[in-house]
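Okay, so here's the structure we're looking at.
Nothing in this text is a laboratory measurement; each read-out follows from the coordinates by a stated rule. Here the structure is a predicted model, which is why all the values come from computation and not from measurement. Note: ideal-geometry Cβ built from the backbone for every residue, glycine included; neighbour counts use all protein chains shown.
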There are 2 protein chains.
Amino acid sequence: MEPGFTLCIVGLGLMGGSFALALRQACQIGPAPDRRMLPARIVAVGRNAAVLSTAQAAGAVDAWTHDLAAGVAEAEVVILATPVRTTLRLLPEVGRHARAGALIMDLGSSKAEICAAMAALPEGLDPVGGHPMCGKEVSGFAAAEATLFAGRPFIICPLPRTTPTGLERALALVRATGARPLILDPVAHDWGVAAISHLPYMAAVALVNAVDAAGDSLPWSLASSGFRDTTRVAASDVEMMLDILLTNRAAVLEWMQRFSDQMDALHRALAESDEERLRALLSVARQRRSGLQWL
Amino acid sequence: MEPGFTLCIVGLGLMGGSFALALRQACQIGPAPDRRMLPARIVAVGRNAAVLSTAQAAGAVDAWTHDLAAGVAEAEVVILATPVRTTLRLLPEVGRHARAGALIMDLGSSKAEICAAMAALPEGLDPVGGHPMCGKEVSGFAAAEATLFAGRPFIICPLPRTTPTGLERALALVRATGARPLILDPVAHDWGVAAISHLPYMAAVALVNAVDAAGDSLPWSLASSGFRDTTRVAASDVEMMLDILLTNRAAVLEWMQRFSDQMDALHRALAESDEERLRALLSVARQRRSGLQWL
């Protein structure tokens, strides 16, 4: 790619905003990455003028527009940083307005449906799925940080039609944000993240809702660091999570069943005061969890 | 109580060690608490000579012994900081050797069985249940910290036989550690902590075990901050947790059922792609969890 290309970010929330800030930082203070791989200009497409103006004033983006067609038309790289089902809805319009050869990448947390929709984009476009494995229980540009992706896995799901150049571009952008790119099949991705992200979210929601449904203030008054950490992700943005769950239903339902089987085993061992069985189940978890030193 | 009293801590792990360090700090740099309420001398009873010597060298305790009878006999206050079932086993022996009028307190995470056992102590002793609401997924004196209790709730469960003086002593010690004392009935305590501590532990164990049982390395390679926090407590000490669960069975089983009902509701809404129902369930959790600012 020639130097001085334009990158368009659609949706300037936590993810899109952090992506813009991370690229800016890479351009300015990073370890001299290949400059041809970094955008000279970043344009944001969004709905909230106040947020977009703030981002521009902060130097995160050079320009912004409410007009998806206009923003996309001037960019060699388009990053869709909207909730998953918004991305699915916008992809056809992006396809109609994107420049020939443009790299189209997203930052959504489920990949199979998005990669399927990307496969239907017009010929000549270069789509690839993306998923930065990070996040916070807060949302919006105000929470965006240049270091959000630093050291985190960033899944890249190439399509059969993704060109080697497109993949190379995507990897360079991911590395510029400080993330560790990991290439993965979209279906394998969705199964894996259902286990370690979507299922824990469901469990956190159920923990909070179980206490809520009991209608007694006592448990809340006792909640301490264990409850705080175990339920942190239950405060995640609801619309974002709805999109993820509804576009990854089969895998999430499978993991909820696997989880339920484990809860049943624990319930049975405790109900029967089967100390040896209970010790065995708790010990597997302790050993496995203690071994995740890299987390 | 006259100044210069001796406090005996039985079990110098994370909790007992932190209790000793916190009292030491209160004596030295605290906001001038009533000195009569603080021990002049701290004696530890434990099994591991290396750990006990380290604690003495660090100034956490003044002396130590392997001999429970000897340690207890010289103390006006005895703090049982052992796993719950060890405390239940040791209480009769403590009762045989404790000085007349001695305050007997514990630091265990379930209270109904311990308070029942304390009720059977010989006349003339002054028992009270205690539970500092804090902890880490690590254990042992090496992990002990003077600030472990700072700002945390510290439940005190008085027995019908607890004297006003005994309760006052217990509250003074708790305040000296920097914790916020909260007086609670033992059965209410056990029900409340089952909801916000023992149930989340079971869920964390089941999350880790579900991934483990699937026998695939992919999910582990994707685990990020959400999985890390949601499962942190699964690394807790197994013997400690076994004691807690087995002495709080009924309440934990009740909360596991309440949790299972919530998981079922989520499963049903997702399986039926009932977006409105799913949104409602997720929104309750988000609102409730976001409101826990004090956590």
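Computed over chain B with a Gaussian network model linking Cα atoms closer than 10 Å, the most mobile of B:LEU222, B:LEU121, B:LEU103 is B:LEU222. When only Cα pairs below 8 angstrom with a gap of at least 6 residues are kept, chain B shows a relative contact order of 17 percent.
Straight-line reach from A:LYS111: taking Cα to Cα under 12 Å and skipping same-chain neighbours fewer than 8 places apart, the aspartates and glutamates in range are A:ASP185, A:ASP190, A:ASP243.
Relative to one another, the C-alpha centroids of the range A:133-205 and the range B:159-201 are positioned 45 Å apart.
Label-point distances for B:GLU93 to the equivalent site in the other copies, using a point 7 angstrom along Cα→C-beta, read 7.5 nm when ranked shortest first. Put a dot 7 Å past the Cα of A:ALA116, heading toward its Cβ, do the same for A:ARG277, and the two dots end up 4.0 nm apart. Look at the stretch B:211-217: the mean tally of other chain Cβ atoms within 10 Å of its residues' Cβ atoms is 5.
Look at the stretch A:188-200: the mean tally of other chain Cβ atoms within 10 Å of its residues' Cβ atoms is 6. Computed about the Cα centre, the dipole magnitude for chain A is approximately 600 debye when only Lys and Arg (+1) and Asp and Glu (-1) carry charge, each at its Cβ.
Shortest first, B:ALA150 label-point distances to identical copies amount to 2.6 nm, with the label point at 7 Å from Cα along Cα→Cβ. Comparing mean-square fluctuations of B:VAL51, B:VAL238, B:VAL84 from a GNM of chain B with C-alpha springs under 10 Å, the top value falls on B:VAL238. Per residue of peptide A:150-157, the mean number of Cβ atoms on other chains within 10 Å of the residue Cβ is 1. When the Gaussian network model of chain A links Cα atoms closer than 10 Å, the mean-square fluctuations of A:GLY95, A:GLY108, A:GLY140 top out at A:GLY140. Listed by chain and number, the aspartates and glutamates placed with their C-alpha closer than 14 angstrom to that of A:LYS136 are A:GLU145, A:ASP229, A:ASP237, B:ASP229; residues fewer than eight positions away on the same chain are left out.
On a C-alpha basis, how far is the centre of the range A:241-295 from the centre of the range B:216-255 in Å? Whole number, if you could? After rounding, the separation between the Cα centres reads 8 Å.
In this entry, the range A:189-290 is assigned a mean projected area of 8.0 nm², taken as a quarter of its C-alpha convex hull surface. Histogrammed with a bin width of 10 Å, the alpha carbon distances of the range B:78-195 distribute as 14, 48, 34, 5 percent, first bin at zero.
Dividing the helix sum by the residues of the protein assembly as shown, where each DSSP H run of 4 or more adds -39500 (n - 2.57), gives a mean residue ellipticity at 222 nm of -15500 deg cm²/dmol.
Computed over the Cα atoms of the protein assembly as shown, pair by distinct pair, the Kirkwood hydrodynamic radius stands at 26.2 angstrom. Here A:ALA57 yields copy-to-copy label distances, from shortest upward, of 5.9 nm, the label point defined as 7 Å from Cα along Cα to C-beta.
Annotation: amide H-H contacts under 5 Å for B:ILE9 (H modelled 1.01 Å from N, sequence separation of 5 or more, or interchain): B:VAL43, B:ALA44, B:VAL45, B:ILE79. Based on the alpha-carbon gyration tensor of the range A:6-184 and its eigenvalue square roots a ≥ b ≥ c, which shape applies: rounded if a/c is under 1.5, prolate if not and a/b is larger than b/c, or oblate? Note, shape of the range A:6-184 comes out rounded. Our summary gives the range B:155-295 a relative contact order of 21 percent, counting only alpha carbon pairs under 8 angstrom and 6 or more residues apart.
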